[in-house]
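Everything on this sheet refers to the single structure shown next.
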Amino acid sequence: MSRFVVGLTGGIASGKSEVTRRFEALGVSVADADLAARAVVTPGSPALAMISERFGPGMLLGDGALDRARLRAHVFADVAERKALEAITHPAIRELLRSQCEQATSPYAIAAIPLLTEAGGRQVYGWLDRVLVVDAPEAFQLARLMQRDGSDAVLAQRMIDAQATREQRLALADDVVSNAGHPDALQAQVEQLHHAYLQLADALG
Ligand code: ADP
């Protein structure tokens, strides 16, 4: 069981996956908020029942699974509806991440939460012992996003603008991995943090 949990976050295409992969290669268990977001709305889950109640049974497909495209379209332009959806899903996602981290077998665990800042940060994720931000200048995010997803510059910029700012994310950080250079430069930063986290986890007992 891991009692020490590091929350890992960063803007879109900042390099979170690159960094997470390196921690995993060192044997660290990672719980992923994007996967958790899917897991909590599987058929039979309490969150899916609440969604059906709040937004109507029309949000379910014939086989009982969530009609993601329809729900996304419904909440897209309506902040109040989006908040209502998040009030159902976010607590469920947090609980699942927490239990996955608690059950991890490595000396400490990482909860990878891309939208940690947007989702309420430390105030709602009080069980995170530490927050690690993967940081890259916006111009790098833009270039990587265009290359990885084939997005055009306008769409890529819109996706960046829809997120918290770099400063807002950094304000949450206990630790920062700077991903403004060659990917190889990530390894030493990750290893240094890994050793620090092992010591902190050990001190917790
Ligand atoms: P995130 O998980 O934060 O969205 P990724 O780790 O997927 O970001 O990185 C976004 C894209 O940029 C990927 O295609 C990745 O291979 C590439 N990338 C990440 N870091 C670097 C870097 N230091 N130099 C060049 N390309 C990078």
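The values are calculated or read from the model by the stated rules, or taken from the named source; none is laboratory data. The model shown is predicted, which means the values in this text are computed figures rather than measured ones. Backbone-built Cβ (ideal geometry, glycine too); neighbour counts: all protein chains shown. Side chains included, ligands, DNA and RNA excluded: accessible areas come from the protein's heavy atoms. Shrake-Rupley method; radii C 1.70, N 1.55, O 1.52, S 1.80 Å.
Some observations on this one:
- Surface composition of region 1-160: carbon and sulfur make up 55 percent of the accessible area, probe 1.4 Å.
- Per residue accessible area in Å² of region 33-105, where ligands, DNA and RNA are left out and the probe is 1.4 Å: 60
- Placing R0 at 25 angstrom, the Cβ-Cβ distance between D78 and A171 gives a FRET efficiency of 0.30 after rounding to 0.05.
- Nearest-ten-degree value, helix 79-103 long axis tilted from longest Cα axis of the chain: 50
- Mean residue ellipticity at 222 nm, helices only, the chain: -16500 deg cm²/dmol; runs of at least 4 DSSP H residues each add -39,500 (n - 2.57), and the sum is divided by the number of residues.
- Principal axis analysis of the Cα atoms in the chain yields extents of 50, 44, 28 Å, listed in decreasing size.
- For the pair S178 and H195, the difference between a 0.36 nm per residue extended length and the Cα-Cα distance amounts to 4.4 nm.
- Relative contact order, whole percent, for region 33-105 stands at 35, derived from Cα pairs under 8 Å and 6 or more residues apart.
- Normalised by the number of residues in the chain, the mean separation of alpha-carbon contacts (under 8 Å, six or more apart) gives a relative contact order of 37 percent.
- The relative contact order of region 88-205 comes to 31 percent, based on Cα pairs under 8 Å that sit 6 or more residues apart.
- The 3J(HN,Hα) values that the Karplus relation (6.51, -1.76, 1.60; θ = phi - 60°) gives for region 37-44 are, in residue order, 4, 7, 5, 6, 10, 6, x, x Hz. Gly and Pro appear as x.
- Using all pairs of distinct alpha-carbon atoms, the Kirkwood hydrodynamic radius of region 33-105 works out to 12.7 angstrom.
- Against the criterion of solvent-accessible heavy-atom surface with a 1.4 angstrom probe, F140, F55, F23 sort, most first, into F140, F55, F23.
- When the chain is treated as a Gaussian network with alpha carbon springs shorter than 10 Å, the biggest mean-square fluctuation among V79, V133, V30 belongs to V79.
- Nonlocal amide H pairs with A111, under 5 Å, H built at 1.01 Å: V6, G7, L8, A31
- Region 1-42 residues near the modelled A139 label - backbone nitrogen below 20 Å, point 7 Å along Cα→Cβ: 11-15
- Of A33, A49, A104, the one that fluctuates the most in a GNM where the chain has Cα springs shorter than 10 Å: A49
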